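Remarks on the structure that follows.
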Amino acid sequence: MRVFEGLYYVKRNTAMHRLDPRAKLVYVLCITILSTAVFHTALPMILLFISVIPLAVEGRVLRRLLSTLRGGAMLAAFIFIFNFIGRLWNIGFVSPSSPEFLEALMPSLAMALRFLTLIAAFSIFFLTTSPDDFAQALVQMRLPYDYALTFTMAMRFIPTLAREAQIVADAQKSRGLELEKGGFMQRIRNYIPILVPLIVSSFRRAETIADAMESRAFGASKRRSFLYMLKFKLSDALFSIICIAITAAIIWLRLSSFLPP
Amino acid sequence: MIEVQDLWFKYPESDYVLKGISLKVPRRGYVAILGENGAGKTTLVKHFNGLLKPTRGKVLVCGLDTREHSVASLARRVGLVFQNPDHQLFANTVYEEVAFALKNFSFPEKEVKRRVEAILAELELDRYRDRSPFLLSMGERKRVALASVLCYEPDVLVLDEPTTGQDHKQKEKLAEILQRLVDKGKTVVVVTHDVEFVADHIPISIILSRGQIRGQGKTLELLSNEDLLAETFLFPPQLTAILWKLSKLGLHPAPSMEGVVEAMLQARRQGP
């Protein structure tokens, strides 16, 4: 559940928090483009990853970010191992000192780092943007309100779900369920008594919420008004322009082969 | 049976939720744990089968230190019935749901069948045997959850808020079942803020407030202590409340429904 910690908004008053969600989206988009479409090797990936850190420090969410990354590390390790084994499989298993071995190793490492870089960028976005502001940004970007609301509600219920998962696990352990018992398949099956109550109660809750919302006239008028509107300030524009400029410069340098792939 | 020695507990990144709890629940004890919302009742009982381990202090269950034993081995002795049945129901039929714990504890097939049938009959659930537990009413789901723990006959039974969502008849039925367990030599701990239920049925109480024990002893004595109840945000049972009101009017009837009625009739006869 740790990986979700990076998705909860942490209320603080820093420049990162005050930035318009749309400006921060520009930043996340830039990192996404650079890490997926522009670069493919380990070294630039490490640099991209490191470039996220100062923003986390500025937003005073570094500790949260680290715990998210720790949560994501497991998955990153999986990505690395599967990539690496896959590549070794293709070239035939070679000795660790040969150049082919390194050729299989480095791109696999890059894949795992790419994953961590993306997690870090998205995590900073969610850590410093309140779900309400995010929804508002989506609406002002002309996404239908229903969709924006669905998204924020999903975010809102992640902590609830995490807490509930803990209670369910406790309840089943109290009836003698041992998660670590048995072989591989049995271990997966051990999770059924935890997943079923979670899913069922989520459906129940969704229905209750829908009823409660409709009884408060949700969707009664086509055009709804909003109490708060987001303003794209000069600082937001500057931040976005800097992000785009740096990204464009990097892409230009890359295309003219000044930078490695 | 259960011995808690100076238990302190905090969740990560929180203040202490339990602050120096010490208590003993003897074998065959029948004890209520009362307290306001957030007093730490559920946190406390989760220590009884090792789901939570003390930050400081010690919890001994049947002489076993909970820190040194797995939840599964402690759960065999201490059955914990959670507040919300929807947090545990998962099987396709009521039968399978109740059999879950028995299978976990490796009871032989025949014994599983015998015990499940017996407990379903006892809790009037036998007609739902092959139904999905999800289609039952809240009160029935609560009884299925209870059955799924009762079936393996743990030495200690801990129930978290068993009376919520139960009508009067079901509450009385529950009280009967619990009393029968105590008579059979089991230890029963009930966590609740249903003061009436406790006053009517459970002889010994522990009152918890803000993570500390504020009173323990005979239920009726505790529940007639006006200052203690006010401090711990508990509401006295109706009978006690009436007795207090009457005593302010200068009447001191015997502490029972009949006594109160008698005193009121007498007062009416005497006139104002």
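Read-outs throughout are calculated quantities, based only on the coordinates presented, and are distinct from any laboratory measurement. What you are looking at is a predicted structure, and each value in this text was computed from that prediction instead of being measured. Cβ: placed from backbone, ideal geometry, glycine included. Neighbour counts: every protein chain shown.
Rounded, prolate or oblate: which fits chain B, taking a ≥ b ≥ c as square roots of the Cα gyration tensor eigenvalues, rounded meaning a/c under 1.5, else prolate when a/b beats b/c?
Values: a/c = 2.33, a/b = 1.39, b/c = 1.67.
It comes out oblate by the Cα gyration axes.
Just round it to a whole percent: the fraction of Cα-Cα distances in the protein assembly as shown exceeding 29 Å. Value for the protein assembly as shown (Cα pairs over 29 Å): 66 percent. Sort region B:122-272 into rounded, prolate or oblate with this rule: let a ≥ b ≥ c be the square roots of the eigenvalues of the Cα gyration tensor; rounded if a/c is under 1.5, and if a/c is not under 1.5, prolate when a/b is larger than b/c, oblate otherwise. Prolate shape, in that a/c is at least 1.5 and a/b is the bigger ratio. Measuring between alpha carbons in the structure, the pairs from B:218/B:245; B:113/B:171; A:181/B:103; B:24/B:58; A:173/B:24 lying more than 20 angstrom apart are B:218/B:245; B:113/B:171; A:173/B:24.
Using the average count of surrounding beta-carbon atoms within 10 Å as a protection proxy, the listed peptides A:49-60, A:180-191 rank, highest first, as A:49-60, A:180-191.
Considering helices alone, the calculated mean residue ellipticity of the protein assembly as shown at 222 nm is -17500 deg cm²/dmol, with DSSP H runs of length four and up weighted by -39500 (n - 2.57) and normalised per residue. Its residue count N fixes a reference of 2.2 N^0.38 Å for region A:107-246, and the Cα radius of gyration divided by that reference is 1.47.
Working note: Karplus 6.51/-1.76/1.60 with θ = phi - 60° gives region A:225-238 the couplings 9, 10, 6, 10, 10, 7, 10, 7, 8, 4, 4, 5, 4, 4 Hz, where Gly and Pro are set to x.
How would you rank B:1, A:229, going from fewest to most other Cβ atoms within 10 Å of each one's own Cβ?
Taking fewest neighbouring Cβ atoms as first place, the list is A:229, B:1.
Take each residue in B:79-86, count the other chain C-beta atoms within 10 Å of its C-beta, and the mean is 5. For the segment B:45-54, counting C-beta atoms of other chains within 10 Å of every residue's C-beta and taking the mean gives 2. For A:25, B:7, B:34, the sequence from fewest to most other C-beta atoms within 10 Å is A:25, B:7, B:34. What net charge do the residues around residue B:102 carry, taking every other residue with its C-beta under 14 Å from that of residue B:102, with Lys and Arg at +1 and Asp and Glu at -1? Overall, the nearby charge balance is +1.
DSSP bridge analysis restricted to the protein assembly as shown gives an antiparallel fraction near 50%, rounded to the nearest 5. From the alpha carbon centroid of region B:33-72 to that of region A:155-205 is 21 Å. Peptide A:192-199 shows a mean partner chain C-beta count of 4 within 10 Å per residue C-beta.
What the phi angles of region B:195-212 give under the Karplus curve with 6.51, -1.76 and 1.60, with θ = phi - 60°, is a coupling list of 4, 4, 4, 5, 4, 6, 10, 10, x, 10, 10, 10, 9, 10, 8, 6, x, 10 Hz, glycine and proline written as x. Counting only the Cα atoms, region B:1-93 fills a convex hull of 133 Å³ per residue.
Peptides A:86-94, B:176-184 ranked from most to least packed, by the mean per-residue count of other Cβ atoms within 10 Å: B:176-184, A:86-94.
Could you work out which residue, out of A:125, A:39, A:226, moves most in a Gaussian network model of chain A, that is, has the largest mean-square fluctuation with Cα springs under 10 Å? Greatest mean-square fluctuation among the candidates belongs to A:226.
Remark: region A:152-158, residue by residue, has Karplus-estimated 3J(HN,Hα) of 5, 5, 4, 4, 4, 8, 4 Hz, where x stands for each Gly or Pro and the curve is 6.51 cos²θ - 1.76 cosθ + 1.60 at θ = phi - 60°. On a C-alpha basis, how far is the centre of region A:208-234 from the centre of region A:50-76 in Å? Whole number, if you could? If we compute the Cα centre of each part, the gap is 33 Å.
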